[in-house]
Every structure is written in C-alpha cells, then in structure tokens.
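Everything below concerns the one structure shown next.
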Amino acid sequence: MKQAVVLSSGGLDSTTVLAWAVKQCGKDNVVALTLYYGQRHDKELECARSVSAYYGVRHIEEDISNVMKYAGDVCSLIKDSNIEIENSSYETQVNKSETGRVNSYVPFRNGLLLSIAAAYAECLFPEGDVAICYGAHADDAAGNAYADCSPRFIGAMNEAIKIGTYGRIEITAPFAAATKANIVSTGLRLEVPYELTWSCYHGGEKACGVCGTCIDRLRAFEANGVEDPIMYEDNNE
C-alpha cells in the first residue's frame, strides 16, 4: 500500500486507521476524507479537522446530507430524528432486535462512503494503486449490529470497487477482525492522539459515557489498562 484515502470521522477507530495509513504510506500519500451525512452534531467533524492537522495530511470535507434526508425516519443518529438514541450496550440492543440491527445503523452508510471514496481516490491519485481505508471492526459487526462492517460486506464492496476501477482501487479494513480493545492497543503503540477524538452519539461538552459507542470505548481503554483521555459526564471531573 503506497497511497491511501482514509474515511475519517474524527472517531477513535478511523483516527487509528489514519495513523496506521500515515505510517504505511507517509503523510504526503494519504488523504483524509470526511463526509457529513446529516448526523446530530458536528463534534466528530471538528475532531476530524484536528486529527488531520495533527498528522499533516490533506483533508477533504463534503456535505452529502441530502442523500440521507429521509434517514431520520429509521436512524437515531440523524439530525432532527424522532428516534431516541439508546443508552445501553450494543449487546443489549442486538438482543432486542430481530435482525441484530441497532437503531444507530445509518442506512447503507459505509456502502455510500466507500463508493464516494473510490471516486475521489481515482481522481486524487491518478497513477498507481490506492487503498480506501476505513475503521470497520469485529465488535461493530458482532450480532449483525452494523451489517456494513461485516467481512462479507467488505469483501463484496471490495470486489465491486476493484471491478469498477479497473483493479486499481481496493478497500483496506485493517481492523476488520479486531476488537475495539485491539484497536486501542495498536493506537497506543502508534501514539494516536485520542484526546483529539470523539465517539459519543450525543454532542455535549463531555461524552455521555452511557450510549453504546461510549460504553465500547470505555471498555476498550479499560482492557488496555489505561484511562481514556477525553472527559465523560459520569466518571471524570
């Protein structure tokens, strides 16, 4: 892998992927792509800017929220959605769902983002092979909570993108088989600035500590025997 477009949300997973890609390719061969799809708050977008500046990579932002203008009817993460964010672990949410799908699943989000990234990759790096990197991991795929993080999905999208780009662009999901604890472990070795990241589904001054992604994040740091450097409503002063 010599060139990469990284889907960068400003969260823990994508920031670790960005750090990994910079180490693999060098910052001049990496572009961070942040796509606003209409989420409830812009905290992650602000973090994506900070993280890109930290690593010195080119950062591109695009607003694709119009594509998701009806998603608030089925997804809790969309701005103005009437669906409440569930403040419980993903395991609890999956067990209540007939399909495993949690209400924070954004309709075909990763399929859309990966497709857009493929188009950007062809234009930004007109020569040589390019990897589209994103932070799918095993915890998100578990129980079919997020179907667009599963190995089956990644494989199918990768095949489609390779066909559509004459074999030049492919998906790289370096943590697809890893847990979030594994990701944090890797990130700590790479000295990822986790204090610049945001994961919480709520957009407060501090992370809530009780939504599904906060619970996963806290557990991941705890499993590595270190304290999460961001502030939480419930357990930090």
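Structural remarks
- Note on the range 116-158: among residues that are among the aromatic types (F, W, Y) and assigned to a helix (DSSP H, G or I), the one that is farthest from T99 (Cα to Cα) is Y120.
- If the condition is being touching a helix residue (DSSP H, G or I) at 6+ places or on another chain (Cβ under 9 Å) and either assigned to a helix (DSSP H, G or I) or at positive phi (or both), then the range 92-104 contributes T92, Q93, V94, N95, G100.
- The set of residues in the range 69-94 that are over 26 Å from A138 (Cβ atoms), open to solvent by 90 Å² or more (accessible area, probe 1.4 Å) and in contact (Cβ under 8 Å) with a residue 40 or more places away in the chain contains only K79.
- Among the residues examined, A176 qualifies as over 26 Å from N66 (Cβ atoms), assigned to a loop (DSSP other than H, G, I, E, B) and open to solvent by 20 Å² or more (accessible area, probe 1.4 Å).
- Whether a residue is touching a residue at least 40 places away in the same chain (Cβ under 8 Å), over 21 Å from A121 (Cα atoms), surrounded by 17 or more Cβ atoms within 10 Å (Cβ to Cβ) and in contact with a His (Cβ under 6 Å, 6 or more places away or on another chain) was assessed, and A147 does not pass this test.
- Whichever residue in the range 105-115 is within 13 Å of the chain's Cα centre (by Cα) and not in a helix (DSSP H, G or I) and, among such residues, is farthest from A141 (Cα to Cα): V106
- Qualifying residue in the range 204-216 (condition: open to solvent by 30 Å² or more (accessible area, probe 1.4 Å), assigned to a helix (DSSP H, G or I) and touching a residue at least 40 places away in the same chain (Cβ under 8 Å)): yes
- Considering residues of the range 47-68 that are charged (D, E, K, R) and under 11 Å from S8 (Cα atoms) only, the residue least open to solvent (accessible area, probe 1.4 Å): E61
- Filtered by the rule that a residue be polar (S, T, N, Q) and in contact with a strand residue (DSSP E or B) (Cβ under 9 Å, 6 or more places away or on another chain), the range 157-193 gives N158, T165, T172.
The values are calculated or read from the model by the stated rules, or taken from the named source; none is laboratory data. None of these values were measured; they are calculated from a predicted model. For neighbour counting, all protein chains shown are included, and Cβ atoms are generated from backbone atoms with ideal geometry for every residue, glycine included. Areas reflect the complete protein model, heavy atoms only, side chains present, ligands, DNA and RNA absent. Shrake-Rupley method; radii C 1.70, N 1.55, O 1.52, S 1.80 Å.
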